[in-house]
Amino acid sequence: MEYTDFKGLKISRLGFGTMRLPLDSEGKIDYEEGQKMMDYALANGINYIDTAYMYHEGRAEVFTGKAIAKHPRDSFYLADKLPIWLCKTEEDVARIFEKQLSKCNVDYFDFYLLHNVDEECWPAIKELHAVDYLKQQIAAGRIGHLGASFHCDADLLREVLTLYGDDLEFIQLQINYFDWEYQDAEAIYKVAQEFNKPLVIMEPLRGGMLSNPMSEDACKILDEAAADATQGMAGDGHASYTAYALRFVDGLEGILTTLSGMSNLQQMKENIEIFNRPALSQGEHEAIDQAVKTLKNDILVPCTGCNYCFECPAGIKIPEIFKIYNEAAVKGFHWIWGSLSGQYNEIQPNAKACIGCGACESHCPQKIKIVSKLAEIDAKYAELEAAGE
């Protein structure tokens, strides 16, 4: 395992995220399997453990506290996060922080973050003086290092770091090779570099989407480049796709650690092995660029939201359907925060109401085969609903 130097600490380049822990037959955290994963992680060089108040409906912190209890406190670094969107008063900030320490069964957090800073919750951080409270906890020895995780655009990140740059020692961002352009992750990354902030990477596999790309052509591009690479890529195809994604983010400058929400011991073993591999070759970087273009073409509807199709006689909100479908596709048609099929069914009328008249297609500047695409999307959401997604 490679390590990053951070203020006198040695932080493992791979971190154990507890957002996707193994589940039992009732959908609850499988403590026995989870404990095996925690033990293996700490025995094999992973020392950064990340959890949060809302993971697994509030149960991940309790699991984490029990799983780390058998290990010396100085053998790992524990990170937790303040869900600022749940805080309505300054008292809420303190109450939740105290509850998190209790749930994790620790006296202090090595790393602590403002969670999910975005355009909506940003005002509350200032209004509730959250940073001031957390700085008090640092002075009291209950927080080692303060940071923040972001789901926002580059402009807001710059605004936050301009105001709190001296207080936030590190930041956490969603970066992966698909979002590098699709979600403008490159621009956000450059702001972090501008402020010289070490980065914790989240969603390097985009919720598992990049471990199993939903495009045969994209997979073929990556497979061929892997075969040509001089260092080779041991393991099956699934592992090699995972390796592409993890090695992409690990090759960026300024990375503190990359979080992986591993769900079983085999995934953990594969990921640890991946972090022992050489950097991506130029040929592999080029293959990633080609694969992203192919992946977008294969899974996304190229709708620009112009709404030229608004005169649909059935009243279908076509751009809205395409938008949520694209969002579902880039999630790998799996979303732990809610029901994708439920989101679709809330749109009324939806694709089920299509009468196949084709009026929309005659007005579409992108020349999308809207009628057939709506039928395809409706079938996909029926499949998701049957699978409980």
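Here are the numbers for the structure shown:
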| read-out | value |
| --- | --- |
| Computed magnitude of the charge dipole of the stretch 26-97 (debye, nearest 20; Cβ of K, R +1, Cβ of D, E -1) | 120 |
| Alpha-carbon spread of the stretch 337-380, three principal axes, descending order, Å | 36, 20, 15 |
| Net charge of neighbours whose Cβ lies under 13 Å from the Cβ of ARG247, counting Lys and Arg as +1 and Asp and Glu as -1 | -3 |
| Scaled radius of gyration (Cα, divided by 2.2 N^0.38 Å) that the stretch 145-287 gives | 1.09 |
| Using alpha-carbon coordinates, inclination of helix 90-104 to the longest axis of the chain, degrees | 80 |
| Overall Cα dimensions of the stretch 1-157 - principal axes, largest extent first, Å | 42, 41, 32 |
| All-pairs alpha carbon distance profile, the stretch 120-182, 10 Å steps from 0, percent | 18, 49, 25, 8, 0 |
| Carbon + sulfur, % of accessible area of the stretch 152-230 - ligands and nucleic acids excluded, 1.4 Å | 42 |
| Vicinal HN-Hα couplings computed from phi for the stretch 212-223 (Karplus, 6.51 cos²θ - 1.76 cosθ + 1.60; Hz; Gly/Pro x) | 8, x, 8, 7, 4, 5, 5, 4, 4, 4, 5, 4 |
| Radius ratio Rg over Rh of the stretch 1-44, counting only Cα atoms, Kirkwood formula for Rh | 1.12 |
| Cys with no candidate disulfide partner in the chain (beta-carbon separation under 4.7 Å rule) | CYS87, CYS104, CYS121, CYS152, CYS219, CYS303, CYS306, CYS312, CYS354, CYS357, CYS364 |
| Low-density loop cleavage sites - trypsin sites (Lys or Arg not before Pro) in the stretch 81-187, where at most 15 other Cβ are within 10 Å (DSSP) | LYS88 |
| Entries of LYS220/LYS296; LYS352/LYS373; LYS269/LYS331; LYS317/LYS369; LYS317/LYS380; LYS126/LYS331 with Cα pairs more than 20 Å apart | LYS269/LYS331; LYS126/LYS331 |
| Accessible surface, per residue, of the stretch 307-389 when the full set of protein chains is kept, probe 1.4 Å, Å² | 53 |
| Rounded to 10°, Cα long-axis angle of helix 31-43 versus longest principal axis of the chain | 60 |
| Contact order normalised by residue count of the chain, Cα under 8 Å, 6+ apart, percent | 14 |
| Where only alpha carbons of the stretch 298-354 are counted, the Rg and the Dmax (Å) | 11.9, 35 |
| Environment charge of ALA185, counting only residues whose C-beta is closer than 12 Å and scoring Lys/Arg +1, Asp/Glu -1 | -4 |
| Estimated 222 nm signal from helices in the chain, with DSSP H stretches of n ≥ 4 weighted -39500 (n - 2.57), rounded to 500 | -13500 deg cm²/dmol |
| Computed label-point distance, nm, for sites ASP298 and ALA387 using a 7 Å Cα→Cβ extension | 1.6 |
| Leading residue at positive end of dipole, the stretch 212-344 (Cβ point charges), from LEU259, ALA227, TYR325 | TYR325 |
| Rg over Rh [alpha-carbon atoms, Kirkwood Rh] for the chain | 0.98 |
| Candidate lysines for bridging to LYS7, where Cα separation is under 18 Å - those fewer than 8 sequence places away on the same chain excluded | LYS135, LYS197 |
| Estimated dipole of the chain in Debye, rounded to 20 [Cβ of Lys and Arg +1, of Asp and Glu -1, Cα centre] | 420 |
| Cα long-axis angle, helix 370-386 against the chain (0 to 90 degrees, to the nearest 10) | 40 |
| Percent of Cα pairs exceeding the 23 Å cut-off, where the set is the stretch 261-355 | 51 |
| q = 0.18, 0.22, 0.25 Å⁻¹: log10 I(q)/I(0) that the Debye formula gives for the stretch 46-99, counting C-alpha atoms only | -0.65, -0.87, -1.01 |
| Spin-label pair GLU376/GLU286, simplified geometry with 7 Å Cα→Cβ offset, distance in nm | 3.0 |
| Counted charge near THR258, where neighbours are those whose Cβ lies closer than 12 Å (Asp, Glu -1; Lys, Arg +1) | -2 |
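The values are calculated or read from the model by the stated rules, or taken from the named source; none is laboratory data. No experiment lies behind these values; they were computed from the predicted model shown. Every residue, glycine as well, gets a Cβ built from its backbone with ideal geometry; the counts of neighbours run over all protein chains shown. SASA here: full protein model, heavy atoms, side chains in, ligands and nucleic acids out. Shrake-Rupley method; radii C 1.70, N 1.55, O 1.52, S 1.80 Å.
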